[in-house]
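Trainee: Structure incoming, see below.
The values are calculated or read from the model by the stated rules, or taken from the named source; none is laboratory data. Computed from a predicted model, the values in this text were never measured in an experiment. So basically every Cβ, Gly included, is an ideal-geometry build from the backbone, and we count neighbours across all protein chains shown. Note: areas computed on protein heavy atoms with side chains; ligands, DNA, RNA excluded. Shrake-Rupley method; radii C 1.70, N 1.55, O 1.52, S 1.80 Å.
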Amino acid sequence: MDQYGTAPSPAEHPGIFRSEEMCLAQLYIQSEAAYGCVAELGELGLVQFRDLNPDISAFQRKYVKEVRRCDEMERKLRFLEREIKKDQVPMLDTGENPDVPQPREMIDLEATFEKLENELREVNQNEETLKKNFNELTELKHILRKTQTFFEEAGTEGMAPPETAHDAETLELTSVPTGSMFANFGLPIVFCCASTPNVNCFCFLQHEELQVEALLPLEVTRDLHAPDTPALIMQLRFVAGVIQRERLPAFERLLWRVCRGNVFLRQSDIDDVIQDAVTGESVNKTVFIIFFQGDQLKTKVKKICEGFRATLYPCPDTPQERREMSIGVMTRIEDLKTVLGQTQDHRHRVLVAASKNVRMWLTKVRKIKSIYHTLNLFNIDVTQKCLIAECWCPVNELERIKMSLKRGTEDSGSQVPSILHRMETSENPPTYHKTNKFTRGFQEIVDAYGMATYREINPAPYTMITFPFLFAVMFGDMGHGTVMLLAGLFFILKEKQLEAARIRDEIFNTFFNGRYVIFLMGAFSIYTGFIYNDIFSKSINLFGSSWRNTYGADFFQEHLTYEEQEKPFMLVPEKGFDSPGGPYPFGLDPVWNLAESNKLSFLNSMKMKASVILGITQMAFGLMLSLYNHRYFKSDLDIKWMFIPQALFLGCIFVYLCLQIIAKWLFFTAEANTVFGYDYPGSNCAPSLLIGLINMFMQKSRDKGFEGPTCYLNFWYPGQSFFEFIFLAVAICCVPVMLFAKPYLMWKEDQLRRGRGHAHLAPVELILLVVALVQVPLMLFAKPYLLWRRQKGYQPQIDQPGTSGGFQQSVRADMNGEDVEVVQHADEPPKENGASHGGGHGHGDGPLDMGDVMVYQAIHTIEFVLGCVSHTASYLRLWALSLAHAQLSDVLWTMVFRHAFGFDGYLGAFITYALFFVFFFLSVGILVLMEGLSAFLHALRLHWVEFQSKFYGGHGYPFAPFSFEKILQEEREAEEQA
Amino acid sequence: MGVIIPLVSVSAFWLVIGLGGPFLVPKGVNRGIVQTMIVLTAVCCWLFWILVYLHQLNPLIGPQISVKTIRWISEKWGDAKGVKN
C-alpha cells in the first residue's frame, strides 16, 4: 500500500489489555495540501478529528459547495445504478479500493456523470415516445382488425325473427346482452329501440351482398304507436377505441346508464399484452366499438371515454379504407420496431459500459465527500493559507500518521510540510482497543456494558476464557458441546464464503459474528461435560468406577420379586467406596448416573460448592485487577484505603468460606476419624458450613468437638471461635475504612495544598474520628430505633425537609433501594461532614467537592460490601443452570428416546429411527439453542455485574477514527438496508 | 489407582500447559493475548477438575441404587472387600 513502510506497533503495547495511549494533536496543513493529507489519513483510519466549528451551521462551512457537488454526483450515480438494475445488466463489483481522486479529477468525474445522465435521460425519453407511438399503433392495429371482424360477423349473421323488430319494451330490457342484438345485425332495418314513445331510434342497415359497406347515417323518427309507419332512415355513427380490461365493466354500465341504453357496445379482448411506456408495466386492453346516433350522444360517449381513459382512434367507414390503413399501420409498426430496437441497443451499450465502473465511481465520490466533510471540521487560519485541525490519535501510530501526512503533502505538490503538534490536554481521551476478528466478539461483549475508561484494564482478554468457561459450567454436556463446537467450526471454516454471501438476516449475523465465542463455548462445554460425565445425559465409565457392591448373596435372595428389584438401596461409602484406589480420576464417577434417587443431592452439594469457589475466585481475580488499575494510575490512596480493606473484607469472610469448604472435603470422611484433635464419629457430624457462616456473623456460642445431637453445628477446629471473631472484626472494621479513609485523606490533602487550615486540622480531624466511630452504633441502632419510633405513633412531625434534606434524598435515589439500613448510615456522615466542613472554611470554593466524594465513596463501599454477599449468592446460578440443563437432557432421554428401545424387530428399527429425529431436533432446539441462550445470558451477567464491578469503571467513550473503510462499509450497509 | 497418581498427573498436565505453553507462543502482535488465554485455560480447567475430584475424595453419602442395578454392579464392577456372592 505504501512505499514508506509501516512500523508494526510494538508487542509490548498490544492495545487490548489496556486501551491504546492517545494524544491530542494539532495539525497545520497548507490549504492546497489539506485534501491530499486528509485522503491519506482516511486510508490509514487512525485519526479522530474534532469539530472545531461547532457553532457554525452545516450550511455555512467552507466546503459546503464541494459537498453539494458530491451529493449531486452521488445522485447521478444512483440514477445510473437504478437504470442498470432495471436493465438487469450485471454490475461489476470487485470490491477494490480505488485511490482517492485528485480534486481536479472531480470536474472530470462530474462531466462524465453529467454526460452519462443526459445521454441516458435522452435515450429514455426517446424510448418512451417511441414506445408510446408503438403502443398506439399496436392498439390501432388491433382496432382495425377487431372492427373488421365485428363488421364481418354482422354481415354473415342470419336473419332475426321479425317480431323482435317491434317489441320495443323487450328490447329496452334486453339491449345489454349484446348477443341478442347481434342476432338482429343482419336486417336491413332491424329494430328500433326506445325508452319512451316518439324518440330517435337507430337502426342497422344491411347491404344486399351480405357485407356491411358502411353503417349509413340515417335519421329515423318513428312513432311507436304507429306500427305501420315504415322505418325511417337514421343517422348512425360509431367510435372505436381501446380501454384497460378491468375498467370495461364499469365503463359499459356507465355508458348504458348515461345514454339510457341508446348506444350499442361491442368489445373484444386484445390477446397481446401491451407494455405501458412510462411505467413499464404490462397492461391488458380491450378493443371496443360503440354505435350511437346523434351529436348529443357523441359528446356524451366521448366524455365517458375520456373519463375512463379510453383512447379513441379514427376508424374509417369502408373496408377498403380500413384495409389500406391497416397496411399503413403495419409498415409503420415495422419501422418503429427497428428504431426502438436500435434505441434499446444504444441504451444497453451505454449501461454496460457504465456498469463496469459505477461501483468504483460511487466509492470515489463517497471518499471525496467524506474528505470535504472532514475538511469542514477544520479551522481556517487568519491568513487563509493554512488549515488547523485537532485530532485524537494513538501515540503508537504517530509515526505512521506523520508518514501519511508527509505523503499527502508531497502528492499535492505543496512546498510547505504539514505539521503535527502534540498538545497537552486535561480532557479524557477516547478509548481505543485494537481488535482482530477473534477478539472483536469478546470486546463487543465488554463494550456492550460500557466503554472502558481511558487506559483502564480491559476485561476482554480475561473474558475470552472465563466467559466460555462459566458458560460451560452451566452448559456442561459433551454431546451438546460437540453440536455447538461443530456449529462454531462451520462458521469459522466457511468464514470467507459466508462473508462474501452478505447474508442480511439479523439472527444469522448475530451467530456469525459470535462464531469464535460459540466455538470456545462448545470446546469448554465438552471439557466440563467430560468432568460432569454427561453425554446427552448418559455417563461413560472410562477409568473404572471406584464403587463396589456392598451386598451379599442372601440380600439378593431376599429381593427377588419385581417390586423388590426396583427398590433403591444405598451402597454405603464406608464399604462400597474404594478409598485406597482413590476417587474416579477424571470427572464424576459414573455410578452417580445410576443412582436415580440420590444423585441430585450428591451433585447439588458438589455444584454449589464448586460455584461458590469459582465465583469467589473470579471476584478475587477482579479485585486483583483493580490493584493493577490503581497501580497503573499511581493511586496510592486507592491501594491503601480501597484495595487493602476490600481484599481483607473478601478474604476474611469469603476466602475463609472457601477454605472451610476445602477442609471439609479433605478431612471429613464417612468413617469415624480424628479431625483436628476432636473425635469425629461419622458423616452425620460433618459440619454444616452454611449455618456455620450464619453463626459466625451472629457470633453464636457453640460447643466444641463433635458431641451432642447437633454435632454438625459445633465448632470443628480448635480456636474457631477466636478466629471467626477476628475475621468478623477485621471485616467490619474494613467497612468504615473503605467509607471514610479515602475521602478524609483527599480532603486533608486538599487542605494542605491550599496551605491553610492547619489550625483547623486538629479539631476537624477529631470531629471526623468521632463521626466515624459514631457511625458504628448508628449503623446498628439507627434503623431499629427509627422503625420503633415510627411504629410507636404516627405523630405529625414525620417529614421536615431540612437543609440537608435534599442531599439525603439524592443519596437515597442513588442507592436505588439496596438496603434501607445502609442508606441511613450512608447519608448520615456527609451531613455531619458537610457541616464541619462548611464551618471550617466557608463554602465550596475549592475544587474538591466533599459531598460528591462522600456520596461516591458511600455508593462504592455499599456496592462492594453488599455485593460480596449478593454476588457470592449470585454465582449459585452456575449450579442452578447446570442442574436445570442436566435434568432437562435427562428428561429428554427418558421421555423420548428411551421409548424406542422397548420395541423389537423392524418396528423397533423404524421407531428408533423416527424417535431419534424427534430427540435430536429437541436436543438441538431446546437444549443447545434455548438452554444455550439462557446460559449465555447468565454468563454475561456474571461477567458484567459480578466480575466487572470489582474493577471496571466503564466511563469512557469510543474512538471513532476517520476511516474510508468504515465510511464505505456503513454506506454499503445503509444501501443494503434500503 | 490411588489418590496421588491422578492428583499429581492431572495437576502436572495443567501445570505444564499453564507454565510451558506461554513460552511456545510465537512472537507477534497477539502473543500477550494468546499467553493469557493459555494460562487462564489451564487455571480454569484445573480448578474445575480439582473441585470435582476433591468432592469425591471422601464421599459422605453413597449412591442409592435399585437392587437390579446393584446386582449388575456386583457382576460387572465387582464386590467390596468382605462381601461374598
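Trainee: If you scan the range A:356-378, which residues turn out to be over 12 Å from A:Ala39 (Cα atoms) and either part of a helix (DSSP H, G or I) or open to solvent by less than 10 Å² (accessible area, probe 1.4 Å) (or both)?
Mentor: A:Val358, A:Arg359, A:Met360, A:Trp361, A:Leu362, A:Thr363, A:Val365, A:Phe378
Trainee: Residues that are open to solvent by less than 80 Å² (accessible area, probe 1.4 Å), out of contact with any strand residue (DSSP E or B) (no Cβ under 9 Å at 6 or more places or on another chain) and farther than 21 Å from A:Asn133 by Cβ, at least 3 per element: which strands (runs of 3 or more DSSP E) completely within the range A:252-313 meet that? Break it down stepwise before answering.
Mentor: Numbers: elements: A:264-269, A:285-292, A:311-313.
By residue number, no strands (runs of 3 or more DSSP E) qualify.
Trainee: Go through the range A:331-369 and give me each residue that's under 15 Å from A:Met106 (Cα atoms) and of a type in the set (Ser, Thr, Tyr).
Mentor: A:Thr363
Trainee: Answer yes or no: is there a residue in the range A:63-76 that is assigned to a loop (DSSP other than H, G, I, E, B) and touching a residue at least 12 places away in the same chain (Cβ under 8 Å). If you could, list the steps in order and put the result at the bottom.
Mentor: Filtering the range A:63-76 down to residues assigned to a loop (DSSP other than H, G, I, E, B) leaves A:63.
Within this subset, residues satisfying the condition of being touching a residue at least 12 places away in the same chain (Cβ under 8 Å) are A:63.
Yes, the range A:63-76 contains at least one residue that is assigned to a loop (DSSP other than H, G, I, E, B) and touching a residue at least 12 places away in the same chain (Cβ under 8 Å).
Trainee: Let me ask something else about it. Give A:Leu625, A:Leu614, A:Leu650 a once-over and let me know the one that is at the interface with chain B (Cβ under 8 Å from one of its Cβ atoms) and surrounded by 18 or more Cβ atoms within 10 Å (Cβ to Cβ).
Mentor: A:Leu614
Trainee: Within the range A:434-447, track down each residue that is in contact with a Gly (Cβ under 8 Å, 6 or more places away or on another chain) and within 11 Å of chain B (Cβ to nearest Cβ). Even if it seems obvious, please write down each step before you answer.
Mentor: The initial filter retains those residues of the range A:434-447 that are in contact with a Gly (Cβ under 8 Å, 6 or more places away or on another chain), namely A:434, A:441.
Result: A:Lys434, single match.
Trainee: Next question, about the same structure. Give me the pairs: first residue in the range A:448-475 and within 12 Å of another protein chain (Cβ to nearest Cβ), second residue crowded, with 24+ Cβ neighbours inside 10 Å and basic (Lys, Arg), beta-carbon distance under 9 Å, and six or more apart or on different chains, which are they?
Mentor: Matching pairs, first to second residue: A:Val473/A:Lys607.
Trainee: One residue is enough: does the range B:32-42 have a residue meeting the conditions at the interface with chain A (Cβ under 9 Å from one of its Cβ atoms), over 24 Å from the mean Cα position of the chain (by Cα) and more than 30 Å from A:Gln565 (Cα to Cα)?
Mentor: Yes, because at least one residue in the range B:32-42 is at the interface with chain A (Cβ under 9 Å from one of its Cβ atoms), over 24 Å from the mean Cα position of the chain (by Cα) and more than 30 Å from A:Gln565 (Cα to Cα).
Trainee: Next up: Quick check on this structure: which one of A:Phe556, A:Phe569 is farther than 20 Å from A:Ser683 by Cα and not hydroxyl-bearing (Ser, Thr, Tyr)?
Mentor: Values: A:Phe569 fails: farther than 20 Å from A:Ser683 by Cα.
Only one candidate passes the filter, namely A:Phe556.
Trainee: Continuing with the same structure: Can you confirm whether A:Gly954 is open to solvent by less than 40 Å² (accessible area, probe 1.4 Å) and either of a type outside the set (A, V, I, L, M, F, W, C) or in contact with an Asp or Glu (Cβ under 6 Å, 6 or more places away or on another chain) (or both)?
Mentor: yes
Trainee: A:Arg50 - would you say it is buried (at least 19 other Cβ atoms within 10 Å of the Cβ) and either under 32 Å from the mean Cα position of the chain (by Cα) or closer than 24 Å to A:Ile380 by Cα (or both)? Give the derivation first.
Mentor: Values: buried (at least 19 other Cβ atoms within 10 Å of the Cβ): no; either under 32 Å from the mean Cα position of the chain (by Cα) or closer than 24 Å to A:Ile380 by Cα (or both): yes.
Criteria not met by A:Arg50.
Trainee: Right, something else. Sort out for me the helices (runs of 4 or more DSSP H) sitting completely within the range B:2-79 that have 1 or more residues that are open to solvent by less than 60 Å² (accessible area, probe 1.4 Å) and under 22 Å from A:Ser597 (Cα atoms). Give the steps one after another, and end with the answer.
Mentor: Values: elements: B:4-15, B:21-24, B:31-57, B:67-76.
Of the helices (runs of 4 or more DSSP H) lying wholly inside the range B:2-79, those with at least 1 residues that are open to solvent by less than 60 Å² (accessible area, probe 1.4 Å) and under 22 Å from A:Ser597 (Cα atoms) span B:31-57, B:67-76.
Trainee: Identify, please: which residue in the range A:676-709 is assigned to a loop (DSSP other than H, G, I, E, B) and within 13 Å of chain B (Cβ to nearest Cβ) and is, among those, most open to solvent (accessible area, probe 1.4 Å)? Quick ask: steps written out before the conclusion?
Mentor: Residues of the range A:676-709 assigned to a loop (DSSP other than H, G, I, E, B): A:676-677, A:681-682, A:686-688, A:699-703, A:705-709.
Okay, now just the ones that are also within 13 Å of chain B (Cβ to nearest Cβ), so A:681-682, A:686-688.
Numbers: A:Pro681: 71, A:Gly682: 4, A:Ala686: 11, A:Pro687: 3, A:Ser688: 34 Å².
The qualifying residue most open to solvent (accessible area, probe 1.4 Å) is A:Pro681.
Trainee: Starting from the range A:716-742, keep only residues that are of a type in the set (Phe, Trp, Tyr), then list their pairs with residues that are part of a loop (DSSP other than H, G, I, E, B) and open to solvent by 50 Å² or more (accessible area, probe 1.4 Å) whose Cβ atoms are within a distance under 9 Å, requiring at least 6 positions of separation or different chains.
Mentor: Listed by first residue and then by second, the contacts come to A:Trp716/A:Phe676; A:Tyr717/A:Phe676; A:Tyr717/A:Gly677; A:Phe725/A:Gln699.
Trainee: Considering A:Glu122, A:Glu117, A:Glu139, A:Glu127, which residue is among the acidic types (Asp, Glu) and either without any contact (Cβ under 8 Å) to a residue 12 or more places away in the chain or open to solvent by 40 Å² or more (accessible area, probe 1.4 Å) (or both)? Before you say what the answer is, go through the steps one by one.
Mentor: On the way: A:Glu117 fails: either without any contact (Cβ under 8 Å) to a residue 12 or more places away in the chain or open to solvent by 40 Å² or more (accessible area, probe 1.4 Å) (or both); A:Glu139 fails: either without any contact (Cβ under 8 Å) to a residue 12 or more places away in the chain or open to solvent by 40 Å² or more (accessible area, probe 1.4 Å) (or both); A:Glu127 fails: either without any contact (Cβ under 8 Å) to a residue 12 or more places away in the chain or open to solvent by 40 Å² or more (accessible area, probe 1.4 Å) (or both).
On inspection, the qualifying residue turns out to be A:Glu122.
Trainee: Now for a separate question. Which of the residues belonging to the range A:561-579 are more than 7 Å from chain B (Cβ to nearest Cβ) and either part of a strand (DSSP E or B) or open to solvent by less than 100 Å² (accessible area, probe 1.4 Å) (or both)? Full working, then the answer.
Mentor: Start the filter on the range A:561-579 by keeping residues that are more than 7 Å from chain B (Cβ to nearest Cβ), which leaves A:561-563, A:574, A:578-579.
Matches in the range A:561-579: A:Thr561, A:Glu574, A:Asp578, A:Ser579.
Trainee: Quick check on this structure: which one of A:Glu558, A:Glu596 is more than 7 Å from chain B (Cβ to nearest Cβ), open to solvent by 70 Å² or more (accessible area, probe 1.4 Å), in contact with a strand residue (DSSP E or B) (Cβ under 8 Å, 6 or more places away or on another chain) and over 15 Å from B:Gly82 (Cα atoms)?
Mentor: A:Glu596
Trainee: Could you list, in sequence order, the residues of the range A:644-675 that are farther than 20 Å from A:Ile726 by Cα and either in a helix (DSSP H, G or I) or of a type in the set (A, V, I, L, M, F, W, C) (or both)?
Mentor: Here is the first cut: in the range A:644-675, the residues farther than 20 Å from A:Ile726 by Cα are A:662, A:664-675.
Answer for the range A:644-675, where residues must be farther than 20 Å from A:Ile726 by Cα and either in a helix (DSSP H, G or I) or of a type in the set (A, V, I, L, M, F, W, C) (or both): A:Ile662, A:Lys664, A:Trp665, A:Leu666, A:Phe667, A:Phe668, A:Ala670, A:Ala672, A:Val675.
Trainee: Just for the range A:524-551: of the residues that are touching a Gly at 6+ places or on another chain (Cβ under 7 Å) and part of a loop (DSSP other than H, G, I, E, B), which one is farthest from the other protein chains (Cβ to nearest Cβ)?
Mentor: This residue is A:Phe536.
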